[in-house]
Each structure stands twice: as C-alpha cells, then as structure tokens.
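The structure under discussion appears below in the form of structure tokens.
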C-alpha cells in the first residue's frame with residue numbers, strides 16, 4: 001500500500017510534508033496498480049463513478065462509510081483511511097485560518113482541565 005503506515009497517526013501541525021487528499025491514495029494505491037477504471041472501482045465498492053471521480057479529484061471528503069468500504073477492499077484499517085482524511089482536512093483548515101485568536105481557559109481546579117489521556121477512543 002502507500003508510504004504512510006496503517007498505524008501512523010500524527011498531529012497535522014507536526015507533519016514534515018503537506019498531506020495529500022485520500023483520493024490521491026485511491027488513485028495511486030488502488031486504481032493504477034490494479035488497472036481499474038473509476039467506473040469499475042465504483043461498482044466494486046457499491047458507489048457511483050461520480051463518487052470515485054470526486055474523491056480522486058479531491059473534491060469530496062472521504063466519509064466513514066467510504067473508509068469502511070475501502071478497508072474491506074484493501075485490508076487497510078478504517079482508521080488508516082480516516083486518518084488520511086483527518087490529516088488533510090486539519091492541514092487545509094490551518095492553511096485557511098492559522099489561529100482563531102481564542103484565549104485558553106485558565107483552570108484553578110486541576111481536575112477540571114481536560115486531559116487527553118482520559119478521552120476514550122473506543
């Protein structure tokens with residue numbers, strides 16, 4: 001599959017490269033090596049050629065449903081595909097608006113602050 005490993009999750013702010021849209025990986029890792037047309041891939045995944053075309057062209061975000069379909073097709077995890085989309089979307093958002101200028105909350109009670117290690121990811 002692609003150069004990004006399945007278990008690779010990193011903050012989009014810290015990426016040493018510009019993330020690519022997931023459609024890039026659909027084209028380079030599925031369509032081209034398998035010699036599939038967008039129509040053939042769409043039929044295989046149970047979606048329209050137009051959906052595949054928009055994904056490959058970067059004009060459509062990769063949804064959870066599509067991540068599940070691609071996971072079944074490729075053997076890459078659903079998280080792999082969603083991570084590609086999340087990294088791209090976060091990078092794109094930060095390009096448009098680097099900061100919202102929001103002042104952080106100041107907590108006097110340490111228990112009131114959100115600790116990322118306490119967030120359940122399922």
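Derivation of every value follows stated rules applied to the coordinates shown; laboratory data play no part. Computed from a prediction, not measured in an experiment: that's the story for all the values here. When we count neighbours, we look across all protein chains shown, and the Cβ atoms used for this are built from the backbone with ideal geometry, even at glycine.
Quick notes on this structure:
- Per principal axis, descending, Cα span of region 17-94 in whole Å: 35, 22, 20
- Spherically averaged projected area in nm², based on the convex hull that wraps the Cα atoms of region 55-109: 6.2 nm²
- For 20, 43, order by how many other beta-carbon atoms lie within 10 Å, fewest first: 43, 20
- Sequence of 81, 17 once ranked by neighbouring C-beta atoms within 10 Å, starting from the fewest: 17, 81
- Taking 39, 29 and counting other C-beta atoms within 10 Å, the order from fewest to most: 39, 29
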